[in-house]
Amino acid sequence: MTVLSPTWTALLYLVAAVCFILALKGLSSPRTARRGNLVGAAGALLAVVTVFLSTRLENVPAILAAIVVGSAIAAPVARRVKMTQMPQLVALFNGVGGGAAALVALLELSHNADPWARLAIVFTVLIGAISFAGSGVTFAKLQELITTRPVVFAGMRWVMSAVLLLAVGGGAAIVPTGSVVLAVVLLAIGLAAGVLLVLPVGGADVPIVISLLNAFTGLAVAASGIVLGNVLLVVAGTLVGASGTILTRAMASAMGRSVSGILFGAFRGGSTAGSTVLSERPVRSSSAEDVAVLLGYAQRVVVVPGYGLAVAQGQHTMVELAAALEARGVEVVYGIHPVAGRMPGHMNVLLAEANVPYESLREMAEVNPEFKTTDVALVVGANDVVNPAAKSSPGSPIFGMPILEVSDARQVVFLKRSMRPGFAGIENELLYDPKTTLLFGDAKESLGKVLNAVKAL
C-alpha cells in the first residue's frame, strides 16, 4: 500500500529537482557552496523518502539493511578523509554511482520487452560500467597505487577500437533478444573499455578525466530513470551529465588542451606527463629569516597555494602569516589557479577551511595583471600552474596551458619540499631565475619559521 498519491509524488519530485538545481547554483561560488551542499542533500533525502512512501517496494528489510550498511561505511570515510584525498573520494563515489546504475539496468532487462527500454538498458549498462572501471583507475592513479604516467602498449588503439566494436555489436544483439547473458558480456566489455580509456591518461589530466566520468555517471543515471520510469532520476542524471560536461570543458580550457587530446594524447606524445629527469643547475636557496625580510618589508604579496600546501595542512599557518604581514601594512591576496591541487576548487575549499575571506581570493584572470605591481609572489606547494614553459616552450607537454604569471612579480619565493617536479612531471625554469628564492622543507614547518621571523622583525 502506498501513502502518497501520484499528484503528491510528482509534486515532491519537483521540489527535489528544484533542490538539485539550487545546489548546483550554490556550488558555483565558495561563498554559497556549503549552503548548496546542504540544499542538495535535503533534496536527495526528500527523493528517497518519497520513493518509500509512493512505491510498493519488495524486500524492504534488505533495502533498509543496505542503506544502514552503506551509511555506516560512507559517513566515517567522508568525515575522516584528508583534504588532499578528496579527489580520490570523489572518484570512488562517482564510480559507485555508475556501477549501481549499470546493475539496476541489468536486473531490469529480464522483465522488460520494450525495444526502446532495452536500448536505454544497453546504454546504461555500458556507460555505467565504463564510469565504474574508469573511476577505479583514476583513484589508483591519484592514490599512486599505480603510476600517474600514461600506460600504453603496442596496438592499444586497435584493442580499444575492437572493444568499442564489440560493445556496439553486443548492444545491437541485446535490443531484439533481451539476452541477459549478452548483457553480462556487455558489462564486462564496458569495464574493459573504462580501464583502457583512463590508462593512457597521465599527469595533471587525471582530475579532468574524473569530471568526464562524472558526466558519464550522470548520463547512466538519466538512462536508468527512463528504464525505471522515474522522472526524478532523469532530471537528476541530466543535471549531473550536463554540469559534468561543462566542468570538463572548462577544466580542459584552463589547461589549454582539448578533451580528445587529454584522452588520446599519449598515442601521439601529447600527454602532460613529462620527463622526470632533474637538472643539476644551481638554485638560490635561502633561510626563513631572509624570506621574512622580503615579505615583511614588501607592500604587496600574492600567495599562490598548491597541492603541497594541502599535503602539509599548512593553510592555517599560512593565514597566520598573512595576518602578521597585514598587521605590518602589507597587502596580502591569494592567486587561485582553476586546476591547482587535484580538482576544481581544491584551493578555494582549502583556504575556506582556514577562514580566508572570500574577497582575498583572486581568480587567475583577475590576479595575472596585478603581478607586475607585486613585490613578492609567495608560491606555496604549487609548480605546474606557475611554470613559464606553458607559454615559452612549444615542445613542453603543458604548452598552451594558462598559468599564474608569477614571473612578472619583482621577487618570487618558492616553498618546496624538494626539486622534484610537479604532478605533470616537468621541470620549472622559474626555479632557476635569478629573482627566485627557494625555501626547502615541509610547507607547514617552513611557514611557521617564516611567521616567527616576521614577528621578530
How high is the relative contact order of the chain? Use alpha-carbon pairs under 8 Å, at least six apart in sequence, and give a whole percent. 14 percent
How large is the convex hull of the Cα atoms of the chain per residue, expressed in Å³ as a whole number? 145 Å³
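For the chain, what is the calculated [θ] at 222 nm in deg cm²/dmol (nearest 500), taking -39500 (n - 2.57) for each run of four or more DSSP H residues and dividing by its residue count?
Using -39500 (n - 2.57) per qualifying helix, the result is -19500 deg cm²/dmol.
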For the range 133-186 and the range 287-329, what is the separation of their Cα centres, given in Å? 47 Å
Those aspartates and glutamates that a straight Cα-Cα span of less than 20 Å connects to residue 25, excepting residues fewer than 8 apart in one chain: 359, 363
Would you please state which residues of the range 79-96 a label at residue 34 would reach in this model, taking the label point 7 Å out along Cα→Cβ and a backbone N cut-off of under 17 Å? 79, 83
Estimated dipole of the range 288-455 in Debye, rounded to 20 [Cβ of Lys and Arg +1, of Asp and Glu -1, Cα centre]: 240 debye
Of the residues 116, 453, 330, the Cα lying farthest along the dipole of the chain towards its positive end, which is defined by charges on the beta carbon of Lys, Arg, Asp and Glu, belongs to 116
So how do 451, 107, 126 line up by other beta-carbon neighbours within 10 Å, fewest first? 107, 451, 126
Summing +1 per Lys or Arg and -1 per Asp or Glu among the other residues with Cβ less than 14 Å from residue 440's Cβ gives +3
Between helix 86-109 and the chain, what is the angle of the helix's C-alpha long axis to the longest principal axis, kept within 0 to 90° and rounded to the nearest 10? 10 degrees
If you plug each phi of the range 60-71 into the Karplus form 6.51 cos²θ - 1.76 cosθ + 1.60 with θ = phi - 60°, what whole-Hz ³J(HN,Hα) values come out, in order, with x for Gly and Pro? 4, x, 5, 5, 5, 4, 5, 5, 5, 5, x, 5
Only counting other Cβ atoms within 10 Å, I'd like 433, 375 sorted with the fewest neighbours first. 433, 375
Pick out, in residue order, every one of the trypsin sites (Lys or Arg not before Pro) in the range 36-137 that is DSSP loop and has at most 12 other C-beta atoms within 10 Å; say none if there are none. 56, 82
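Within 13 Å, Cβ to Cβ, of residue 356, how many net charges do the neighbouring residues add up to if Lys/Arg are +1 and Asp/Glu are -1?
Charge balance in the 13 Å sphere: -2.
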Fewest Cβ neighbours within 10 Å first, please rank 449, 141 accordingly. 449, 141
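Treating only the Cβ of Lys, Arg, Asp and Glu as charged (+1, +1, -1, -1), what charge dipole size does the chain show about its Cα centre? Round to the nearest 20 debye.
The calculation lands at about 220 debye.
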In Å, what Rg and Dmax follow from the Cα atoms of the range 288-455? 14.4, 45
Once both axes come from the Cα atoms, what is the angle between helix 33-54 and the longest principal axis of the chain, in degrees from 0 to 90, rounded to 10? 10 degrees
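Under a Cβ-Cβ cut-off of 12 Å, what is the net charge of the residues other than residue 296 that fall near it, where Lys and Arg count +1 and Asp and Glu count -1?
Taking every other residue near residue 296 into account, the sum is -2.
List, in the order given, every pair from 391/416; 416/449; 372/455 whose Cα-Cα distance in the structure shown is over 18 Å.
The answer is 391/416; 372/455.
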Sorted by average packing, counted as other Cβ atoms within 10 angstrom per residue and highest first, what order do 45-52, 331-338, 98-105 take? 98-105, 331-338, 45-52
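Read-outs: derived from the displayed coordinates by stated rules, not from any lab. Being a predicted model, the structure only gives us computed values, none of them experimental. A quick note on method: Cβ atoms are made from the backbone with ideal geometry, for glycine too, and the neighbour counts reach across all protein chains shown.
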